[in-house]
1. Residue by residue through the range 293-311, note down the ones that are surrounded by 20 or more Cβ atoms within 10 Å (Cβ to Cβ) and more than 16 Å from residue 255 (Cβ to Cβ).
2. For residues in the range 20-29 being farther than 14 Å from residue 62 by Cα and open to solvent by 70 Å² or more (accessible area, probe 1.4 Å), which is nearest to the chain's Cα centre (by Cα)?
3. List the strands (runs of 3 or more DSSP E) that sit entirely inside the range 117-186 and contain at least 3 residues that are open to solvent by less than 80 Å² (accessible area, probe 1.4 Å) and within 22 Å of residue 79 (Cα to Cα).
4. Determine which member of the set 153, 210 is farther than 30 Å from residue 296 by Cα and at pLDDT 95 or above.
5. For the range 251-292, what are the residues that are closer than 29 Å to residue 168 by Cβ, among the small types (Gly, Ala, Ser) and crowded, with 18+ Cβ neighbours inside 10 Å?
6. For the structure I just gave you, tell me whether residue 231 is open to solvent by 70 Å² or more (accessible area, probe 1.4 Å) and out of contact with any Cys (no Cβ under 6 Å at 6 or more places or on another chain).
7. Go through the range 49-69 and report how many residues are modelled with pLDDT of 95 or more and surrounded by 17 or more Cβ atoms within 10 Å (Cβ to Cβ).
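The values are calculated or read from the model by the stated rules, or taken from the named source; none is laboratory data. What you see is a predicted model, and the numbers here were worked out from it, not measured in a lab. Note that we place each Cβ from the backbone using ideal geometry, even for glycine, and neighbour counts take in every protein chain shown. The accessibility values were calculated without ligands, DNA or RNA, using every heavy atom of the protein model including side chains. Shrake-Rupley method; radii C 1.70, N 1.55, O 1.52, S 1.80 Å.
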Amino acid sequence: MEAVLEASQSLPSGGTAPYTYAWTGPNGFTSTTEDLQNLLAGTYQVTVTDANLCTALVGPQITITQPTQLALTNSQVNNVCFQGNTGSISITASGGTAPYTYAWTGPNGFTSTNEDLQNLVAGTYQVTITDANSCAPLVGPQITITEPVQPPQLVLTQSQVNNVCFGGNTGSISITASGGTAPYTYTWTGPNGFTSTNEDLSALASGTYQVTVRDANACTTLVGPQITITQPTQLALTQSQVNNVCFGGNSGSISITASGGTAPYTYAWTGPNGFTSTTEDLQNLVAGTYQVTITDTNSCAALVGPQITITQPTQLATYEQPSKQCLLPRECRKYLYHGIWRYSTLYLRLDS
């Protein structure tokens, strides 16, 4: 009776029991047991003979499979700044049976169970990967995140030129950055919403300016000092005057005091009858209207002063008035002499 073998369970039937088994397999494997355990991957085959040594049954080839070997690929990004933490490691596991678990170690007691790592400081990292069947874990290679050597400290020197005129815009700031890693970027702020990315500034109005300097890769940031561009105070004028005490006199005077701007000042006076002068104060003035234009030493916008009028008394007047103190045939004349009314007597000619 022919024996029949169920390959999946190695259970023969038919023939005459008991049966004998002769297994072969990979790497010279042999066995005479009915069932096989702890097999490596490979192709196995059994020959079954019954108790009467009837024709043997050669079973089918049975292939024990296995996952592919657990493997790892990785890439890394190193830090671009000294003592930075922008490093990263990306890995991809393959083989074994997903899902995988990860156990990372690194510098300063670093651990993580993430697949990929971000925000890494410089140092050496290593991962152990285990598949879903907890097969022999894969210990990955040591991966070293590097960083640049420490550059010199970022420092800044600056100079400034202030405005020479009130309301002017001739101010400037010059700076020089050193240390860190060139090239540098600049971010300026200033009055009235002022911004600039230039290294040096010109045509500046008065106010306070400040720069933030960053080196290459924005590794080091330096906030510079506040730099104040100044300006003179606004040109101003105070004045006093002395009027003439006599009609037609020339004892009038004007005294002025300039302030603000930058001394010394220049003066340009105009007045009545083509009068001009470049002195600060005026003396011996006749009645009339005078006006001064003041310019400071930097020739900033001139200040045109107010019109100043030197006055005089009205002209002295005389008139004749009959006097009750006079009797015919005489005629009296009344006149003002040094503020006192006096009388003169005129004799009438009888023959007129």
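1. Scanning the range 293-311 gives 296, 300.
2. Out of the qualifying residues, it is 27.
3. Details: elements: 117-120, 123-130, 143-145, 155-161, 171-178.
Strands (runs of 3 or more DSSP E) meeting the threshold: 123-130, 143-145.
4. Working: 153 fails: at pLDDT 95 or above.
Going through 153, 210 in turn, just one is farther than 30 Å from residue 296 by Cα and at pLDDT 95 or above: 210.
5. 258, 261
6. Taking the combined requirement at face value, the residue does not satisfy it.
7. To start, the set of residues in the range 49-69 that are modelled with pLDDT of 95 or more comprises 60-64.
With surrounded by 17 or more Cβ atoms within 10 Å (Cβ to Cβ) added as a condition, the list becomes 62.
Number satisfying all stated conditions: 1.
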